[in-house]
Amino acid sequence: MSALSSFEAEARALDAADPLASFRERFYCQPGVIYLDGNSLGLLSHDAEAAVLATVAKWKTQVIDGYGGPPDDSWFYTGETLGAAFAPLVGAGPGEVVVTGTTVVNLHALLATFFRPDGRRRKLLATALDFPSDIHALQSQLRWNGLDPDADLVRVPSRDGRTIDAADVAAAMTDEVAVAVLPGVLYRSGQLLDIERVTRAGHERGVVVGWDCSHSVGAVPHRFSDWGVDFAVWCSYKYVNAGPGAVAALYVARRHHPRGPALAGWWGHDKATQFDMAHTFTPAAGAGAWQISSNAQLAAAPLRASLAMFHEAGLDRLREKSLRQTDFLMRLLDRLPEYQIGTPREAERRGGHVAVEHPAEAARIAKVLKATFRVVPDFRPPNVIRLAPVPLYTTFHEVWTAATYLERIVAERLYERVEPGRELVA
Ligand SMILES: *Cc1c(COP(=O)(O)O)cnc(C)c1O
């Protein structure tokens with residue numbers, strides 16, 4: 001007898017009352033598969049597929065003329081057009097967002113601009129729970145500047161191994177810190193940081209505050225301009241569903257535009273004169289100046305379609321459904337004492353996924369979920385199974401079903417049937 005049986009009717013009722021339910025039909029949901037890994041790589045939508053095919057057709061027939069035509073349909077303006085489409089999702093003003101490159105490369109480009117070690121103020125600030133790539137980037141920036149990647153990178157410690165306390169971040173912002181780069185949502189626990197409060201604390205202490213919002217954009221609404229964020233980067237293949245390696249985005253606050261990019265390339269040039277081909281670099285007026293190379297059009301096309309879908313659904317409505325789904329999931333997990341929840345319970349402190357912890361067997365449980373029950377989670381060592389119900393395509397009934405499998409796997413010790421350890425790509 002399942003401890004969760006009585007919740008099935010609730011799942012059905014929530015699905016029946018869901019105003020966003022029809023979006024699911026626009027995604028390639030594989031029959032029999034419950035996909036809960038949209039926090040790593042979102043599903044393909046029919047809209048995105050059509051956009052890729054349209055770009056291929058345009059390449060086939062128009063070739064170089066793909067760079068001509070009206071700005072909103074021209075490869076010449078892809079970064080600016082898609083940046084404007086992204087802006088409402090992050091609360092940016094005109095010209096503050098551009099779509100270009102990839103997340104970590106964009107982070108390097110922005111650090112090159114904003115990290116100017118000056119006397120005592122020469123440290124970078126991050127957290128002990130950061131996504132590793134961001135740490136690699138920060139340490140290499142320190143090395144590149146002739147500084148010490150260990151001593152000059154301050155990592156705010158975690159008190160519980162899951163979350164970062166905003167007060168601890170503020171306390172670490174000493175007069176030795178030049179730039180802080182912080183995660184909007186922590187990739188493992190799913191904690192959402194108070195971006196406004198932490199940014200303000202940084203500014204009070206003379207610290208430039210940048211954010212990596214790869215795990216929050218598309219899941220949580222942001223208001224970068226109102227919050228005073230200095231710069232931000234994020235990817236578009238997680239909650240934004242633009243496909244593997246899709247073109248990423250960056251934000252530079254208007255007040256910083258006059259600085260111009262430290263690392264320049266022709267795609268950051270003022271559009272009006274870019275094709276004069278002069279050797280003098282005249283930066284574009286906005287965040288567009290931080291573009292270096294021409295955009296990967298085949299990797300930008302699905303993003304265009306995806307962003308249109310976000311505007312149709314409304315990010316606030318998506319967030320509301322996401323909170324309801326993760327809340328439902330956590331209430332189910334509360335009935336399964338073998339598991340702990342590593343994600344903060346308060347709505348304003350969590351992003352789009354739930355970190356399900358099992359002390360010893362999380363890796364094998366994740367394997368069984370996928371291999372036996374065709375539920376796609378991901379595993380983050382040492383003990384976390386991440387489950388992301390994505391409000392555009394996940395149903396409440398799928399959430400309920402996945403939880404019943406988690407229950408069975410421990411009740412019947414099904415994980416004992418698989419090899420220990422994680423896959424190469426977890
Ligand atoms: C997903 C993610 C990235 C990915 O960077 P790429 O340049 O797209 O490989 C970087 N940082 C964080 C915090 C992420 O979650």
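Within region 133-144, can you find the residues that are open to solvent by 60 Å² or more (accessible area, probe 1.4 Å) and either within 16 Å of the ligand (Cβ to nearest atom) or part of a loop (DSSP other than H, G, I, E, B) (or both)? Within region 133-144, 136 is the sole residue that qualifies.
Checking every residue in region 250-261 against the condition of being within 16 Å of the ligand (Cβ to nearest atom) and surrounded by 24 or more Cβ atoms within 10 Å (Cβ to Cβ) gives at least one match. For region 371-404, the set of residues classified as assigned to a loop (DSSP other than H, G, I, E, B) and among the hydroxyl-bearing types (Ser, Thr, Tyr) consists of 372, 393, 394, 395, listed by residue number. Pull out all pairs, ordered by first then second residue, where Cβ-Cβ is under 7 Å, the residues are six or more apart or on different chains, the first lies in region 380-401 and is free of Cβ contacts under 8 Å to residues at least 60 places away in the same chain, and the second is open to solvent by 30 Å² or more (accessible area, probe 1.4 Å) and assigned to a loop (DSSP other than H, G, I, E, B). These pairs meet every condition: 381/422; 383/359. The set of residues from region 109-132 being away from the ligand (no atom under 16 Å from the Cβ) and part of a helix (DSSP H, G or I) comprises 113, 114. Return yes when residue 53 is within 27 Å of residue 138 (Cβ to Cβ), of a type outside the set (D, E, K, R) and either open to solvent by 70 Å² or more (accessible area, probe 1.4 Å) or modelled with pLDDT of 95 or more (or both) and no when it is not. No, not satisfied. Can you say whether residue 270 is more than 12 Å from the ligand (Cβ to nearest atom), at pLDDT 95 or above, open to solvent by 10 Å² or more (accessible area, probe 1.4 Å) and not basic (Lys, Arg), as far as the supplied structure shows? Taking the combined requirement at face value, the residue satisfies it.
Against the test of being more than 26 Å from the chain's Cα centre (by Cα), surrounded by fewer than 23 Cβ atoms within 10 Å (Cβ to Cβ), charged (D, E, K, R) and outside any helix (DSSP H, G or I), the options 423, 407, 419 yield a single qualifying residue, 419. In the set (1) assigned to a helix (DSSP H, G or I); (2) in contact with a helix residue (DSSP H, G or I) (Cβ under 7 Å, 6 or more places away or on another chain); (3) over 19 Å from residue 233 (Cβ atoms); (4) acidic (Asp, Glu), residue 148 fails one condition alone, (1).
For every residue, the table says whether it meets (1) more than 26 Å from residue 394 (Cα to Cα); (2) more than 14 Å from the ligand (Cβ to nearest atom); (3) surrounded by fewer than 24 Cβ atoms within 10 Å (Cβ to Cβ).
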{"residue": "196", "(1), (2), (3)": "yes, yes, yes"}
{"residue": "200", "(1), (2), (3)": "yes, yes, yes"}
{"residue": "204", "(1), (2), (3)": "yes, yes, yes"}
{"residue": "211", "(1), (2), (3)": "yes, no, no"}
{"residue": "215", "(1), (2), (3)": "no, no, no"}
{"residue": "218", "(1), (2), (3)": "no, no, no"}
{"residue": "221", "(1), (2), (3)": "no, yes, yes"}
{"residue": "226", "(1), (2), (3)": "yes, yes, yes"}
{"residue": "236", "(1), (2), (3)": "no, no, no"}
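The values are calculated or read from the model by the stated rules, or taken from the named source; none is laboratory data. Since we're looking at a predicted model, the values are computed, not measured. Here Cβ is always computed from backbone atoms with ideal geometry, including for glycine, and neighbour counts include all displayed protein chains. Note: accessible area is taken over every heavy atom of the protein model, side chains too, but ligands, DNA and RNA are not part of it. Shrake-Rupley method; radii C 1.70, N 1.55, O 1.52, S 1.80 Å.
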